[in-house]
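A short worksheet on the structure shown next.
No lab work stands behind these numbers, since they all come straight from the coordinates. Small disclaimer: the values here were computed from a predicted structure and weren't measured. Glycine also receives a Cβ, built like all others from the backbone with ideal geometry; neighbour counts cover every protein chain displayed.
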Amino acid sequence: MAKDDSTVYIANLPWRTTEDDLVALFEEVAPVVDARIIQDRRTGRSCGYGFLELPSPECAARAVATMNGREFNGRLLVVSRANPRAPRS
């Protein structure tokens, strides 16, 4: 995922959510270019958050406005613009 201006952060995901689930949910709002749910390196279990890359900043803004606070499988999603990724040293 490279484009920070069109990337959204999604938190409070149910543990069993898959990347396909996330794509299906957000494609109601905008086409999804890439999806990634962050997993614990040791256990392989979901950390409960992920990122979506959308085709444009406008799509990202629409996704945030539409999906933030929306109920998904018993949890309220927290959706915001992703912060730019810090360079690794």
Flagged in the stretch 41-66 as without any contact (Cβ under 8 Å) to a residue 40 or more places away in the chain and within 13 Å of Glu27 (Cβ to Cβ), in numbering order, are Arg62, Thr66
**Asked** Somewhere in the stretch 58-76, is a residue surrounded by 14 or more Cβ atoms within 10 Å (Cβ to Cβ), hydrophobic (A, V, I, L, M, F, W, C) and assigned to a loop (DSSP other than H, G, I, E, B)?
**Response** no
Counting only residues that are buried (at least 16 other Cβ atoms within 10 Å of the Cβ) and part of a helix (DSSP H, G or I), the stretch 1-43 contains a total of 5
